Every structure is written in structure tokens, then in C-alpha cells.
Amino acid sequence: MRNSHRRAVATVAALTTLTTAALPAAAASAAAVPWTMAPCATAALDETTLDTNGGWLVMSGAAVQCAPVAADGGVRLAVYPAGAATGTAAGYNVRLFRSTEPGATRPFGAAVAKPVTGDYGVCVLAGAEERITCVRLFVLRTQSPNRLSVTWQPLDPADPLVAKPVDARTYTGTVIPPVNGDPTGGVCGTCF
């Protein structure tokens, strides 16, 4: 009985090794793409829409680069849920300037949060992750008709809602949020 048990274990181990070698490698975390926070930028946030394709609140706006500039320079958006101790700057919310010229403009639409009721601060970051412009989003569910209502107002970058540390995630070159853990991107028809 012992020999047959050993042979069965050896057979299972050999088959597992062969099967594992034949399978494609598991999707590893996407590689980081080098970039630099723009040392100088201004920005305006102008509209929040609901992307029903991917189920995201999308913040639109534009950033303008000023001197001094950096090669591969850009800005990133951070979201600060009310009551959270930190904000999050998702890797897919980095937006690079397309040139190193002062005055280069980068329009964007960025998935900042899932459409869940609550208050959120949203800021554009530049320099040493400094908040250069911010808004407060109010996400409410209306009773009649039953739908989501999103409004926003300008917010001082020093407001307690956003004056918090930021968990800055790795930029992988995509501007689309992941779906089900796939770091290569998901669906967000209005993210650019």
C-alpha cells in the first residue's frame, strides 16, 4: 500500500509540474511607467459625469504646464472620501503633458470614484504632490425618480477634507481603471 501511495503522490506531483508549466503565467502587476510630477502646473476642474459603462464618477478638467518643466512631466488626481484618514491617487489617474513646452495643456476625464453616496474631495496634484486645485463632490440618491445626483463646488486646497496624506499608486501607462483586479485597464468610456 505504501508503494502505491508513493507512486500516486509522485504521479500527481509530476502532472502538477507539467500542467503548471503549460499554463500561461499569471497576470503580474503591470510594470511602472517612468514619469515625473510636473514641477509647475495650474488646473481647472469643470464637470463631473456618471460613466454608466464602467460605473464611475468621472471628473473632467484640464491642466496647464508652467516653467520649470520636466521630461515626462504630468499631474495626477487624488480623491479624498469624507471620514477617510488618507486620500488615494490611483495610478490610472496620472495625466502626462504631451510636450515639455510651458503652456502645454492636458485636458482629461478621470475616474475618481464609484458612484456611492457621500462627500468626496477631488484634487489635482503637481510638484511634490501638492494640491493645486480641488472640488468637493456631493453624491446623493434622489427618491423620485430613484437616481444619482452629483453636484460639486470649489474647495480650498487647505480644507480639512483634502489636507491629508495621499496613497499614491504606481502609474502603469493606462488611464482606465482596472476591472476585477486586471491592471491593464477596464471600461471607462469617458476616461482620457
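Of the residues examined, residue 116 is not one that is more than 12 Å from the chain's Cα centre (by Cα), farther than 30 Å from residue 69 by Cβ and open to solvent by less than 50 Å² (accessible area, probe 1.4 Å). Counting the residues of segment 136-162 that are open to solvent by 50 Å² or more (accessible area, probe 1.4 Å) and assigned to a loop (DSSP other than H, G, I, E, B) gives 7.
Among the residues of segment 61-71, is there at least one that is of a type outside the set (D, E, K, R), part of a strand (DSSP E or B) and within 17 Å of residue 114 (Cβ to Cβ)? No, because not a single residue in segment 61-71 is of a type outside the set (D, E, K, R), part of a strand (DSSP E or B) and within 17 Å of residue 114 (Cβ to Cβ). Kindly establish whether residue 181 is over 21 Å from residue 83 (Cα atoms), in contact with a helix residue (DSSP H, G or I) (Cβ under 8 Å, 6 or more places away or on another chain), at pLDDT below 85 and surrounded by fewer than 19 Cβ atoms within 10 Å (Cβ to Cβ). The answer is no for residue 181.
Could you check, for segment 155-166, whether at least one of its residues is under 19 Å from residue 35 (Cβ atoms) and under 16 Å from the mean Cα position of the chain (by Cα)?
yes
Just so you know, in segment 51-96 the residues that are touching a Pro at 6+ places or on another chain (Cβ under 7 Å), surrounded by fewer than 17 Cβ atoms within 10 Å (Cβ to Cβ) and among the hydrophobic types (A, V, I, L, M, F, W, C) include one that is modelled with the lowest pLDDT, and it is 70.
The values are calculated or read from the model by the stated rules, or taken from the named source; none is laboratory data. Quantities reported herein were computed from a predicted structural model and do not represent experimental measurements. All Cβ positions, glycine included, derive from the backbone under ideal geometry; neighbour counts span all protein chains shown. These accessible areas exclude ligands, DNA and RNA; they are computed on the full protein's heavy atoms, side chains included. Shrake-Rupley method; radii C 1.70, N 1.55, O 1.52, S 1.80 Å.
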